[in-house]
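The values are calculated or read from the model by the stated rules, or taken from the named source; none is laboratory data. Since the structure is predicted, the reported quantities are computational estimates derived from the model, not experimental observations. So basically every Cβ, Gly included, is an ideal-geometry build from the backbone, and we count neighbours across all protein chains shown.
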Amino acid sequence: MSATSDHGPMHPADTASEYQPNAKEIRMVIAASSAGTIFEWYDFFIYGTLAAIIGRTFFPSDNTTLEVLLVWAGFAVGFGFRPLGALLFGFLGDRLGRKYTFLVTVTLMGVATAGVGLIPSAESIGIAAPIIVILLRILQGLALGGEYGGAAIYVAEHSPPEKRGFYTSFIQASVVGGFVLSLMVLLGCKALMSDDIWQSWGWRVPFLLSILLLAISLWMRLKLSESPVFKAMKAKGEIVKNPIKESFTYPGNIRRMFVALFGIAAGLTVIWYTAMFSGLSFLKGPMRVEETVAEIIVGLAAAVGMLFFIWAGRVSDRVGRKKPIVWGYAATLLLLFPLFWLMGAVGNPALTQAAKDAPVVVTGSQCNFDPFAQVQATSCGKILSELTKLGVSYDVAPSDSAFDVATVHIGGREVASDDPSILKPALEAMGYGFDPQIPHWTGLLMIFLALVGLSALSGFTYGPVAALLSEYFPPHVRYSSLSLPYHLGTGYFGGFLPLIATFIVAKSGNAFAGLWYTWVVVLVAFLISAFMLKEAGRDAWGGADNHQSPIGDGSKSG
C-alpha cells in the first residue's frame, strides 16, 4: 500500500532540505529534547526510587513482601498503559506534527507526577489513596507512551545521516539522566531534612518539584520549530488520514513492528531495568548495603554509564545500528549473572559467608509461600514469608507429615519454629547480620565497576536505538509505527520486570533467581535481532516509496 498525494508518490526528502536547521538550531533541538526526556523520566523513576515509602503510605500491609509487590504492580500499571499512549500520541504526531504532540506529553507527565505528591495517605482516606495513585500512574504511562517516539523522531529528523546515531544517542542517554536526576533530588532532599520530616512528608517534595521541571521543559520546547521531514510532508499534502491503520497495512510493516518489539525494545529495556532497579534493590535488600550509600553508588555508575550510550550511538554511525545491539545482547548473556555474583560477594562479605557456612533448609507439609497473601495459611508459609522479608536465601525440603508443622535447619542445627519471630535471632547467632552495612572501599569500587559494566551493556543495546527505529519506518507513519512496538516492548517486558523478578525471588528463596527473567528475554531478543534485523537505508531517509526495506523482505516499503 503506497501512500500518495494529489502530486504523485511521496518523496518528502525532495523538499526536506529546504527546512534543514543550522548547527545552532540542531544543538537547541538536542538540548531541548534531551532535557524534556530527562525531566519526563525523572517523573517516572521517582516513583521507583521511593518504592519503600510509597508502599507504606499508599499500600500498607502486614505482609512486607506484598507491600513491595503492590508498589511494583503500580509501577507496572504505568508501563502497561504506555502502548495506548503510543497509539494516541503516535496518531497525533503523524497527523499534527512532532513538536506539539510532545508538548502535550510533557505537560501531562508533569501534572500527574506532582499529583502523586499531593495524595493523602491510605491511613487518611483509605482505599481512595491507592486508587488515585493508580489513576495518576495511568496518566504517566499515557504521557510516556507519546514522549519517547516524539523526542527520538524529532531529533532524528533534524540530523544528517552520518551523525544521526550520535545525535539521537543523547535522547537515549537522557533516559538514564532521568534516573540519575531522581536519585540526586532524593539524596539532596534527605540531606536537607531530618529523618522524621523525610519519612512523614519530606518524600513528597521530589514529586512536587516536577512542576518546576515541567516549566523548564515547556520553555525550552516552545522555542523549537517543527521537524524538517514533517514540514516537507505537510507542504506536499502527504499527511495520511489514519496513520494507525496505515501502520498495520503498509507493506512489510507488521514484520518490522514484530522485530522492533521483540528484537529491540524488549531486550534493551530489561537490561536497563536490571542494571538500575534490580541492582539498587539487590544492594538495599539482600545485601543490606546502607540505603544512601547504595543510592549514591548506583547513581554514579548510571552517570558514568551514560557515556556508553553516546559512544554506542557514535559507533553505530560507522559500523551500522545492528552490530552494537547484537554485541550488547551477546555480552549480557555471558556477563549478567557473574556481575551480580560479584556484587553479592563484595557487597556484604560476612552475610555471604554466613549463607555458605550455615545454609537454611525449611522442612514442612504444605510448604508454599504466597507472596500476594496478607497472611500465610500454613506454618511453613509463615516461615518462608519471614525469611523472604529478611532477604535470606533458603531451600525447601518437603515433608510427608499430615500435620501443619515446620522445622528450620540453619547450618544443620534444628530450629523448631512455629513462631517465625525467633528466626532472626537464631540466624544472627549463626553469623547472619541484618544491620545496614557500608562495604570496605575495595568492595565499593568493585560494586561500582560491576554496575558500570551493567550500564555499558545497556548502553550498547540502547544507544543506537532511536536512530535505528527512526530509519526503520516510513516517515508518514513513523511516529505511530515506532511508538507502538517500542512501548509494548518496554512497557510489558521492562515495566513488569521489578514485579516479576521480585515474585520469582520470593517464590524461590534465591536472591539471584529473578535474573533468569532478564536472561531469557535477552536471549529471545538476541536471536531475533541477529537473524531478522537488517540495516535500513540511510540514503532513503525521506520518502516512503523509496525507503529501503530494513528486514530484507523484498518490498519497497520502509
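Quick notes on this one:
- Selection count where residues are without any contact (Cβ under 8 Å) to a residue 40 or more places away in the chain and buried (at least 21 other Cβ atoms within 10 Å of the Cβ), scope region 251-308: 2
- Residues that are among the small types (Gly, Ala, Ser) and without any contact (Cβ under 8 Å) to a residue 24 or more places away in the chain, drawn from region 168-192: 188, 191
- Scanning region 158-208 for residues that are surrounded by 21 or more Cβ atoms within 10 Å (Cβ to Cβ) and hydroxyl-bearing (Ser, Thr, Tyr) turns up 159, 167, 168, 169, 174, 182.
- Among (1) at pLDDT below 75; (2) under 21 Å from residue 219 (Cβ atoms), the one test that residue 19 misses: (2)
- Consider region 143-161 and keep the residues that are over 17 Å from residue 468 (Cα atoms) and of a type in the set (A, V, I, L, M, F, W, C). The one that is modelled with the highest pLDDT is 143.
- Filter pass, residue 75 being modelled with pLDDT of 70 or more and either more than 25 Å from residue 221 (Cβ to Cβ) or assigned by TED's automatic domain parsing to the domain that holds residue 265 (or both): yes
- Taking region 373-438 and the strands (runs of 3 or more DSSP E) fully enclosed by it, the elements with 2 or more residues that are surrounded by fewer than 16 Cβ atoms within 10 Å (Cβ to Cβ) and in contact with a strand residue (DSSP E or B) (Cβ under 8 Å, 6 or more places away or on another chain) are at 395-398, 413-416.
- Failed item, numbered, when residue 458 is tested on (1) hydroxyl-bearing (Ser, Thr, Tyr); (2) within 38 Å of the chain's Cα centre (by Cα); (3) not assigned by TED's automatic domain parsing to the domain that holds residue 503: (3)
- Test result for residue 325, surrounded by fewer than 22 Cβ atoms within 10 Å (Cβ to Cβ), touching a Gly at 6+ places or on another chain (Cβ under 9 Å) and aliphatic (A, V, I, L, M): no
- Here residue 508 meets the list (1) of a type outside the set (Val, Ile, Thr); (2) over 16 Å from residue 261 (Cβ atoms); (3) in contact (Cβ under 8 Å) with a residue 12 or more places away in the chain almost entirely, failing just condition (3).
- Annotation: residue 501 fulfils all but one of (1) under 19 Å from residue 369 (Cα atoms); (2) within 17 Å of the chain's Cα centre (by Cα); (3) surrounded by fewer than 24 Cβ atoms within 10 Å (Cβ to Cβ); the unmet one is (3).
- First in region 518-536 and not assigned by TED's automatic domain parsing to the domain that holds residue 337, second anywhere and part of a loop (DSSP other than H, G, I, E, B) and buried (at least 20 other Cβ atoms within 10 Å of the Cβ), Cβ under 6 Å, 6 or more apart: none
- Some residue of region 67-82 being crowded, with 21+ Cβ neighbours inside 10 Å, among the aliphatic types (A, V, I, L, M) and free of Cβ contacts under 8 Å to residues at least 40 places away in the same chain: yes
- Restricting region 184-205 to residues that are closer than 21 Å to residue 110 by Cα and either among the charged types (D, E, K, R) or touching a Ser or Thr at 6+ places or on another chain (Cβ under 6 Å) (or both), the residue that is modelled with the lowest pLDDT: 186
- Criterion applied to 135, 118, 142 was being in contact (Cβ under 8 Å) with a residue 24 or more places away in the chain, part of a helix (DSSP H, G or I) and assigned by TED's automatic domain parsing to the domain that holds residue 473, and the one residue passing it is 142.
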